[in-house]
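Before any comments, here is the structure.
The values are calculated or read from the model by the stated rules, or taken from the named source; none is laboratory data. Everything numeric here is computed off the predicted structure, so don't read it as measured data. Side chains included, ligands, DNA and RNA excluded: accessible areas come from the protein's heavy atoms. Shrake-Rupley method; radii C 1.70, N 1.55, O 1.52, S 1.80 Å.
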Amino acid sequence: MSEAEATPKTGKRVLLANPRGYCAGVDRAVQTVEEALKLYGAPIYVRKQIVHNKHVVQTLEARGAIFVEENEEVPEGATVIFSAHGVAPEVHEQARARSLKAIDATCPLVTKVHHEARRFAADDYDILLIGHEGHEEVIGTAGEAPAHIQLVDGPDDVENVTVRDPEKVVWLSQTTLSVDETLETVARLKKRLPLLQSPPSDDICYATSNRQHVVKEIAAECDVVIVVGSRNSSNSVRLVEVALDAGARAGHLVDFAHEIEDAWLTGADTVGVTSGASVPDELVQQVLAHLAERGFADVQEITTADERLTFSLPQELKRDMKAAAAAARG
Ligand code: SF4
């Protein structure tokens, strides 16, 4: 039987976004924990969720990772991994004070924003950090130069901004924001501060922009868009918002396929599917299988970018892996 004959024609289809799921920073962070578990053995402590995804965290926990909120919960001298979202310098200092062996899995694209913050603070700029209050990445970046950084949490927060010198102000941003909303925030900031400088390169990362771009392409054709991702994943939550703004009739965020309610599919012909940057593709495949069982077996993948970026593992881990390999060779 040909594939066309095997798939019953129901008029129902799935538009599957590509790129979706794991980005280079998440891949590296998850691999860091996996390699550390192999190299040093369990338990390995991880400060905060390594990436904002329930399934990833549960899987690593089952292998021996222990997730903690703060360094104080890590026994002195143990190994601790810092999450992909980045940490403030004081977190490194605390780790040193407790003689922890720290491995920093901060995404290099977040580290880049930290560098920018340090550089502009050293030049005595006021830095307007566009981001979501309380998000770990924002806390980490702001911790680089607390006296120089103020948070701007979206366009409506612009009116609260005060600066010392309107000629010496720069904006930076969290990496996982809505591209369009950030442009709006910047436009409003520039109305108030015409000499506001922009970051040397985009802070919203390639993975966030690419995932939003493809969702925009498919949204208008979709009766419902299902985004696989966790509620605390900023870029996943943004994907639902972007889908709705771009014309999807409905949008839902789910961690797992079984959370999809049949009522969402009632009367739908086209379902869009994508996933946040911290989501392994097996969860998307489970969603596709779930949809296929409900008549949505025709899957058309819509590709708008080819992602090839990869990041090497943290130096401190690579060094130990090399040493272990040399010891094993004798
Ligand atoms: S979403 Fe972007 S900034 Fe965050 S880990 Fe992935 S590549 Fe890095």
Below 8 Å, C-alpha to C-alpha, sequence gap of six or more: please give me the relative contact order for the chain in percent. 25 percent
Based solely on its DSSP helices, what 222 nm [θ] is calculated for the chain when runs of n ≥ 4 H residues each add -39,500 (n - 2.57) and the sum is averaged over all residues, nearest 500 deg cm²/dmol? -12500 deg cm²/dmol
Express the carbon and sulfur contribution to the solvent-accessible surface of the stretch 279-330 as a percent, rounded to the nearest whole number, probe 1.4 angstrom. 50 percent
Ranked order, Val80, Val179 - accessible area, probe 1.4 Å, largest first: Val179, Val80
Rounded, prolate or oblate for the chain? Axes are the square roots of the Cα gyration tensor eigenvalues, ordered a ≥ b ≥ c, and the cut-off for rounded is a/c under 1.5. oblate
Kindly identify the stretch 175-256 as rounded, prolate or oblate by the Cα gyration tensor criterion: order the square roots of the eigenvalues as a ≥ b ≥ c, call it rounded if a/c is under 1.5, otherwise compare a/b with b/c, prolate if a/b is larger, else oblate. prolate
Under the Karplus curve 6.51 cos²θ - 1.76 cosθ + 1.60, θ = phi - 60°, whole-Hz ³J(HN,Hα) for the stretch 210-215, x wherever Gly or Pro sits: 5, 5, 5, 4, 5, 5
If I stretch the segment between Glu181 and Ala42 completely, what's the gain in nm (0.36 nm per residue apart, minus their alpha carbon distance), one decimal? 45.8 nm
Taking 0.36 nm per intervening residue step and subtracting the Cα-Cα distance, what contour gain separates Lys322 from Thr303 on full extension? 3.1 nm
Normalised by the number of residues in the stretch 1-112, what is the relative contact order in percent for Cα pairs under 8 Å and 6+ residues apart? 25 percent
Going by Cα centres, the stretch 291-330 and the stretch 45-112 are how many Å apart? 20 Å
All lysines inside 16 Å of Lys168 as judged from Cα atoms, apart from same-chain residues fewer than 8 positions distant: Lys190, Lys191
State in Å² the accessible area per residue of the stretch 5-135; use a 1.4 Å probe, count heavy atoms of protein chains only, and round to the nearest integer. 42 Å²
Amide H neighbours of Val299 at under 5 Å, excluding residues fewer than 5 places away on the same chain, with H built from the backbone geometry, are Val14
Taking the chain as a Gaussian network, Cα atoms linked when under 10 Å apart, which of Glu181, Glu61, Glu261 shows the biggest mean-square fluctuation? Glu261
Amide H of Leu151: which non-local residues (sequence gap of 5 or more, or other chain) have their own amide H closer than 5 Å, using H built in the peptide plane? Leu129
